[in-house]
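One structure is given here, and the rest of the page talks about it.
The values are calculated or read from the model by the stated rules, or taken from the named source; none is laboratory data. Model, not experiment: these values are computed from the prediction. For neighbour counting, all protein chains shown are included, and Cβ atoms are generated from backbone atoms with ideal geometry for every residue, glycine included. When the accessible area is computed, the model is the full protein with side chains, heavy atoms only, and any ligands, DNA or RNA have been set aside. Shrake-Rupley method; radii C 1.70, N 1.55, O 1.52, S 1.80 Å.
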Amino acid sequence: MSDNKKKIILTGDRPTGRLHVGHYVGSLRRRVELQSDEAVSDMYIMIADAQALTDNFKNPEKVRENIMNVALDYLSAGLDPERCSILIQSQVPELTELTFYYMNLVTVSRLQRNPTVKSEIQMRNFETSIPVGFFCYPISQAADITAFQATHVPVGEDQKPMLEQTREIVREFNSTYGKTLTEPEIMLPEAAACLRLPGTDGKAKMSKSLGNCIYLSDEPDDIRKRVMSMFTDPGHLKKTDPGKTEGNPVFIYLDAFCSDEHFAEFCPEYANLEEMKAHYRRGGLGDVKVKKFLINVLLSTLEPIRNKRKEFEKDLPFVYEVLKKGTEAARECAAKTLSAVKRSMKIDYFEDDSWIRSCRQIN
Ligand code: TRP
């Protein structure tokens, strides 16, 4: 696609909890920047409650509650309802309809080969009995993306297989029924550290139950405690020992979060992260000092977000209106795509008289 064409952005999150720093560096920070990118014409941010229900169907309360949490995190991180539509997935029924038609274009074995589905099946012990709804969520995600004719989808690396699946569905649809849908591109974070930020314990997966996340809304004391207990290089026992920075969670977090300005403000003896890393590798730089610096970086990044959240929390009716308006705008767009899809699939019987006229030829 040529660069001068306008970009349409669609992305989203499952409302199963508050958003954490992994969401922030993986995609949220990028979305906020994209709002002021002139090449972007429309931006839709989806709270994917229907998708969250595919593996939380017995726990609808959790999903219902967390819609507000995610909306508050979005607004406090800087998503501006004047510049993007924040929508609730289940309230756009056109998405479900699109999903149903796309199902014809995907095989069971293709879904089984989707690496994200594969690992989630294992994680949830679904091996022996996979709920059909869960199994089909990549198809519904393709509907989410194509309903808005999204050209770009900013997400973390874990969503790569979903985008691949979506692109295949688009190609299959367009070659079967004629060009109707837009093939989206994934937008991954540039820095390797942001692709998949590890938990504070170094584990790949950040989760509430592992207690290894830093949430956007965490209080300064929680952040300090969490960072002070972070894993570092296990071979770096004494300050004078040479240490490893690669694979060291504290440095991965610094890679994802810190800028040269942070050094000027909090640790002026180094000009940048490269200098600090070089010192650590040589030996002579203690973990506590690096962690204190990381605490300052995180506190200064998260403080404005936390403060804004407290303001929005006092005005929930405003958030409600944002969601309602965003969902209405989204429906309008999705309805256009759905009717184009139905026209291409020749299931538009009542749109004009062409179908009934073709029936008359029966006699
Ligand atoms: N699968 C995403 C997640 O687990 C959420 C999501 C649903 C999404 N629909 C989407 C992301 C469409 C990008 C585009 O967080």
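If one computes the Cα centroid of the stretch 97-119 and of the stretch 258-306, what distance in Å separates the two points?
Value for the Cα centre distance between the two parts: 44 Å.
Probe of 1.4 angstrom, ligands and nucleic acids ignored: what's the accessible area per residue over the stretch 1-136, in square angstrom?
Numbers: 6490 Å² over 136 residues.
Value returned for the stretch 1-136: 48 Å² of accessible area per residue.
Could you state the angle between the C-alpha long axis of helix 137-146 and the longest principal axis of the C-alpha atoms of the chain, as a value from 0 to 90 degrees rounded to the nearest 10?
80 degrees
Can you give the charge dipole size of the stretch 220-312 about its Cα centre, rounded to the nearest 20 debye, using +1 on the beta carbon of Lys and Arg and -1 on the beta carbon of Asp and Glu? Please report the intermediate quantities before stating the final value.
Details: 16 positive and 15 negative charges, 85 e Å.
Here the size comes out at about 400 debye.
Taking the dipole about the Cα centre of the stretch 240-363, with the C-beta of Lys and Arg at +1 and of Asp and Glu at -1, give me whichever of Phe312, Ser344, Phe266 is farthest to the positive side.
Ranked along the dipole, the leading option is Ser344.
Extension gain Thr176-Tyr349, at 0.36 nm per residue separation less the Cα-Cα distance, in nm? Let's see the in-between values first.
Details: separation 173, 0.36 × 173 = 62.28 nm, distance 1.92 nm.
The span from Thr176 to Tyr349 would gain 60.4 nm if fully extended.
Efficiency by 1/(1 + (r/R0)^6): what FRET value for Glu65 and Phe318, r their Cβ-Cβ distance, R0 = 30 Å, to the nearest 0.05? Spell out each step's value before the answer.
On the way: r = 18 Å, r/R0 = 0.62.
Computed FRET efficiency for Glu65 and Phe318: 0.95.
How much net charge surrounds Leu163 when only the other residues with a Cβ under 11 Å from the Cβ of Leu163 are counted, with Lys and Arg +1 and Asp and Glu -1? Working shown, then result.
Numbers: positive: Lys160, Arg167; negative: Glu157, Asp158, Glu164, Glu168, Glu183, Glu185.
Neighbour charge sum, excluding Leu163 itself: -4.
Using a 10 angstrom cutoff on alpha carbons, build the Gaussian network for the chain and name the most mobile of Gln112, Gln51, Gln165.
Gln112
Rounding to the nearest 20 debye, state how big the charge dipole of the chain is about its Cα centre with +1 on each Lys and Arg Cβ and -1 on each Asp and Glu Cβ. Kindly include the intermediate steps, with their values, before the conclusion.
Working: 50 positive and 53 negative charges, 164 e Å.
It works out to roughly 780 debye.
Would you please put 311-318, 328-335, 150-157, 30-37 in order of how densely packed they are, using the mean number of other Cβ atoms within 10 angstrom per residue and starting with the highest? Walk me through the intermediate numbers first.
Numbers: 311-318: 11.8, 328-335: 18.2, 150-157: 20.6, 30-37: 15.4.
The peptides rank, most packed first, as 150-157, 328-335, 30-37, 311-318.
In deg cm²/dmol, rounded to 500, what helix-only [θ] at 222 nm does the chain give when every DSSP H run of at least 4 residues adds -39500 (n - 2.57) and the total is split over its residues?
Values: 17 runs with 187 residues, N = 363.
-15500 deg cm²/dmol, from helical runs alone.
What does the C-alpha gyration tensor say about the overall shape of the stretch 114-163? Classify as rounded when a/c is under 1.5, otherwise prolate if a/b is larger than b/c, or oblate.
Note, shape of the stretch 114-163 comes out oblate.
Which listed residue (Leu188, Ser140, Asn59) has the Cα farthest towards the positive end of the charge dipole for the chain, taking +1 on Lys and Arg C-beta and -1 on Asp and Glu C-beta about the Cα centre?
Asn59
What accessible area per residue comes out for the stretch 220-312, rounded to a whole number of Å², with a 1.4 Å probe?
Heavy-atom SASA per residue in the stretch 220-312 reads 52 Å².
Output the antiparallel fraction of DSSP beta bridges having both residues in the chain, as a percent to the nearest 5. Working shown, then result.
On the way: 1 of 16 bridges.
DSSP beta bridges in the chain are roughly 5 percent antiparallel.
With the contact rule set at Cα under 8 Å and sequence spacing of 6 or more, what percent relative contact order holds for the chain?
Numbers: 533 pairs, mean separation 76.7, N = 363.
With pairs under 8 Å counted, the relative contact order is 21 percent.
If I compute solvent accessible area with a 1.4 Å probe over the protein chains, what percent of it on the stretch 1-144 is carbon and sulfur?
Values: 3220 of 6560 Å².
Accessible surface attributable to carbon and sulfur in the stretch 1-144 totals 49 percent.
Report the gain in length on full extension from Glu275 to Arg83: 0.36 nm times residue separation, minus Cα-Cα distance, nm rounded to one decimal. Each step should come with its number before you reach the end.
Details: separation 192, 0.36 × 192 = 69.12 nm, distance 3.89 nm.
So the chain would gain 65.2 nm between Glu275 and Arg83.
Considering only Thr11, Leu294, Ile121, whose Cα is most displaced toward the positive end of the charge dipole of the chain, charges sitting on Cβ of Lys, Arg (+1) and Asp, Glu (-1)?
In the chain, that residue is Ile121.
Once you put a point 7 Å from the Cα of Glu33 and another 7 Å from the Cα of Lys6, both along the Cβ direction, what distance in nm separates them?
2.3 nm
Kirkwood Rh over Cα pairs of the chain into Stokes-Einstein at 37 °C, 0.692 mPa s: D in µm²/s? Show your work: numbers first, answer last.
On the way: Rh = 22.4 Å.
Answer from the Stokes-Einstein relation: 146 µm²/s.
At a Förster radius of 22 Å, what calculated FRET efficiency corresponds to the Cβ-Cβ distance of Arg113 and Ser209, to the nearest 0.05? Before the final figure, lay out the partial values.
Working: r = 28 Å, r/R0 = 1.29.
The pair Arg113/Ser209 has a calculated efficiency of 0.20.
How much of the calculated P(r) for the stretch 220-312 lies past 22 Å, in percent of all Cα pairs? Mind showing how you got there, number by number?
On the way: 1157 of 4278 pairs.
Tail of P(r) above 22 Å: 27 percent of Cα pairs.
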